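K.L.:
I have a structure I would like to understand better, so I am pasting it below and will then ask my questions one at a time.
The values are calculated or read from the model by the stated rules, or taken from the named source; none is laboratory data. Nothing here was measured: the structure is a model prediction, and the numbers come from that model. Cβ coordinates were reconstructed from backbone atoms using ideal geometry, including for glycine residues, and neighbour counts include every protein chain displayed. Surface accessibility is based on the protein's heavy atoms, side chains included, excluding ligands, DNA and RNA. Shrake-Rupley method; radii C 1.70, N 1.55, O 1.52, S 1.80 Å.
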Amino acid sequence: MEKLYEGKAKVLFPEGPDTLRVYFKDEATAFNAQKRGLIPGKGVVNNKVSATLFRYLEAHGVKTHFLEEVSDREMRVWRVEILPLEVILRFKAAGSFAKRYGVKEGTPLKTPLVEFSLKSDPLGDPLICPEAILALGLAAEEELSQVRTTTLKVGELLRDFFAQRGLDLVDFKLEFGKRNREILLADEISPDTMRLWDQKTGEPMDKDRFRKDLGGVEEAYQEVLRRVLRG
Ligand code: UDP
């Protein structure tokens with residue numbers, strides 16, 4: 001079938017007028033696609049982890065674009081108009097945040113922190129403040145407030161979910177979309193878009209293994225899937 005859009009990690013195929021099929025690839029990129037590679041089996045892991053987390057969040061009252069898993073690497077979702085924002089929630093300092101403020105990776109934050117980036121490859125996803133989001137008309141005030149509230153709720157739910165599986169959720173990125181004026185959680189929630197540290201060893205179990213050439217990338221993704229599916 002003809003694709004609608006191909007991104008760095010996923011391909012979107014049109015289905016009905018209202019739905020899409022998302023195919024998860026094994027290709028991996030980092031640092032605004034300057035680093036490229038392959039993580040065999042990643043597409044299967046990200047599809048199954050995302051599907052499981054979307055179902056879990058839906059069961060706790062979070063509205064998402066997820067409809068059903070259709071194969072190992074594919075899910076069916078509602079078509080949405082993606083807000084051009086990456087919404088990041090942080091529980092501990094890591095990555096670009098730790099670097100920006102000169103704090104040690106792993107420093108716990110006093111309160112969970114919501115940050116926004118403008119989704120733009122040419123600009124390298126710059127940070128954007130809520131006032132600029134409103135001034136540029138990227139989201140309405142009510143939408144932004146809903147995005148923030150939902151992100152905090154998702155953070156609490158996911159943190160519990162992973163804690164029960166021996167994983168420390170450090171930070172993650174969400175994307176939201178609009179369908180019939182309703183805001184839905186969209187995109188994916190996977191080891192590509194979260195930092196997960198093993199509670200016992202402190203080892204990263206996510207895309208940082210690829211970003212930082214730590215080795216054992218495939219194994220870490222498989223281990224996350226195993227723990228997520230443990231129920
Ligand atoms: N993240 C993502 N996509 C991006 C940027 C970040 O999924 O384009 C995720 C990343 O995996 C981490 C969180 O968002 O879990 C915070 O990332 P950060 O801002 O520290 O950026 P990074 O250091 O990954 O560039």
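K.L.:
Within the range 189-203, track down each residue that is crowded, with 23+ Cβ neighbours inside 10 Å and either free of Cβ contacts under 8 Å to residues at least 24 places away in the same chain or assigned to a loop (DSSP other than H, G, I, E, B) (or both).
P.N.:
Scanning the range 189-203 gives I189, S190, P191, D192.
K.L.:
What's the total number of residues in the range 90-118 that are surrounded by 13 or more Cβ atoms within 10 Å (Cβ to Cβ), within 11 Å of the ligand (Cβ to nearest atom) and either basic (K, R) or in a loop (DSSP other than H, G, I, E, B) (or both)?
P.N.:
5
K.L.:
Which of the following residues is part of a strand (DSSP E or B), buried (at least 20 other Cβ atoms within 10 Å of the Cβ) and at pLDDT 95 or above: V22, V11?
P.N.:
V22
K.L.:
Look through the range 119-128, keep the residues that are within 11 Å of the ligand (Cβ to nearest atom) and either surrounded by 16 or more Cβ atoms within 10 Å (Cβ to Cβ) or of a type in the set (D, E, K, R) (or both), and return whichever of them is farthest from W197 (Cα to Cα).
P.N.:
Only one residue fits best here, namely D121.
K.L.:
Still on this structure, please answer the following. Tally time: how many residues in the range 65-79 are open to solvent by less than 40 Å² (accessible area, probe 1.4 Å) and within 21 Å of L138 (Cβ to Cβ)?
P.N.:
Residues meeting the conditions: 1.
K.L.:
Looking only at the range 46-89, how many residues end up being touching a Gly at 6+ places or on another chain (Cβ under 7 Å) and not in a strand (DSSP E or B)?
P.N.:
Going through the range 46-89 one residue at a time, the tally reaches 4.
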